[in-house]
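Single-structure report; data block below.
The values are calculated or read from the model by the stated rules, or taken from the named source; none is laboratory data. Note that the coordinates shown come from a computational prediction; the quantities given were computed from them, not determined experimentally. When we count neighbours, we look across all protein chains shown, and the Cβ atoms used for this are built from the backbone with ideal geometry, even at glycine. Note: accessible area is taken over every heavy atom of the protein model, side chains too, but ligands, DNA and RNA are not part of it. Shrake-Rupley method; radii C 1.70, N 1.55, O 1.52, S 1.80 Å.
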Amino acid sequence: MATVAFIGLGNMGGPMAANLIRAGMTVTGFDLNPVALKALTNIGGLMARTACGAAAGADVVITMLPAGKHVRGLYLGEENSKGLLDVVGSNTLLIDCSTIDAQSARTVASAAADKGLEFIDAPVSGGTAGAAAGTLTFICGGSDAAFAQAKEVLQVMGANIFHAGGPGAGQIAKICNNMLLSVLMVGTSEALSLGIDNGLDPKVLSDIMKVSSGGNWTLDKYNPCPEVMDNVPSSKGYQGGFMVDLMVKDLGLAMEAALASQSSTPMGALARSLYVSHARGGTHPGENGKRDFSSIFEQFAVPANDE
């Protein structure tokens, strides 16, 4: 079985690495958080002291990092430190599952190609629940050869594996999806609040809209109104799921891409503005940023004691 280096063992990376271990792969992990490393060793993974140490000798390297600057720094190196491209073997497959700007993905892919290495950007959709269950969607950008290799590994962690195109295409497809998701969540929250304000039961209204022309994923899987749907963040105080701060990040990437291609994205721009405003609020400034993105519903809901 393949030996895998997994760098970035947070809320998404940790469960993804666990699924590789369960499939019988040898996984060596690295993370700046010692608790995450300990969790990996508790389930049979190996621990490395550095990212380059984890990657050296691996058949496959998988990274899950916060932003483009972290991905560029890790793969290309910084100042006097080596990057992953300097230490991996000539046949190592490189898979980055971070959600970052497309240009950073293209830059790393180009540098990898110069060294004869295959690199694929493979951002994910499906959240922490999908990571744990092994049902993620991987949206890949890279060569046909890289995708064919990566698919064998990604199938262990996901249920849907797509090849969107060349380097960076996975990132573009991911931010398009998340921009649409944000617009759907805002629109659904707005519509439900309008119904509530006019005396409708939000559960009945949701059932009506689900089978009508307004039906969408948020109504089917992720209703933003508390107590309408079980086992979703809105019915758990908006805890868990996909943080508002991450949605703000992805919408920022979408707006950067729109500027670069001179695309018109008025709904995406408005959704970003609403989410930025929402992220700054809460009982304490910025508290909403750590809550699930469906908490945008509270921007439209009228408190029960208001006239």
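Values for this structure:
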item	result
At R0 = 25 Å, FRET efficiency that the Cβ-Cβ distance of residue 160 and residue 32 yields, to 0.05	0.25
Dimensions (Å) - region 200-307, Cα atoms, principal axes, largest first	43, 38, 30
Percent accessible area from carbon and sulfur atoms, the chain, protein chains only, probe 1.4 Å	54
Under 5 Å, built H, 5+ apart or other chain: amide partners of residue 118	94
Dipole of region 50-159 [Lys/Arg +1, Asp/Glu -1 at C-beta], most positive-end residue of 137, 119, 53	137
R0 of 22 Å, Cβ-Cβ distance residue 208-residue 302: FRET efficiency to nearest 0.05	0.55
Protection proxy ranking of 5-16, 100-111 - average other beta-carbon atoms within 10 Å, highest first	5-16, 100-111
Contact order relative to length of region 103-150, as percent, for alpha carbon pairs under 8 angstrom and 6 or more apart	34
Amide H contacts of residue 46 (H built 1.01 Å from N, under 5 Å, at least 5 apart or other chain)	27, 28, 29
Within a Gaussian network of the chain (alpha carbon springs, distance under 10 Å), most fluctuating of 292, 201, 59	201
Shape call, region 50-127: gyration tensor on alpha carbons, a/c limit 1.5	rounded
Region 65-156: GluC sites (Glu not before Pro) in DSSP coil with no more than 13 other Cβ atoms inside 10 Å	79
Charge dipole (debye, nearest 20) of the chain; +1 at Cβ of Lys and Arg, -1 at Cβ of Asp and Glu	620
Residues whose placed amide H lies under 5 Å from that of residue 98, excluding near-sequence neighbours	65, 122
For the chain: relative contact order, % (alpha-carbon pairs under 8 angstrom, 6 or more apart)	12
Mean Cβ count within 10 Å, highest first, over the residues of peptides 47-55, 84-92	47-55, 84-92
Dipole magnitude of region 1-111, debye to nearest 20 (Cβ charges: Lys/Arg +1, Asp/Glu -1, about Cα centre)	160
Dipole axis of region 29-167 (+1 Lys, Arg; -1 Asp, Glu on Cβ), positive-most option in 44, 164, 90	44
For region 124-196: rounded, prolate or oblate by the Cα gyration tensor [a/c cutoff 1.5]	oblate
Label-to-label distance, nm, for residues given as residue 260 and residue 239 (7 Å Cα→Cβ offset)	3.8
Set of lysines with alpha-carbon distance to residue 249 below 24 Å, sequence-local pairs under 8 removed	69, 174, 221, 236, 290
Rel. contact order, % - alpha carbon contacts under 8 angstrom, at least six apart, region 1-148	21
Cα principal axis extents for the chain, largest first, Å	67, 46, 38
Hypothetical label at residue 221: residues of region 120-142 whose amide nitrogen lies under 14 Å (7 Å Cα-Cβ projection)	124-139
Alpha-carbon centroids, region 56-79 and region 187-238: separation in whole Å	40
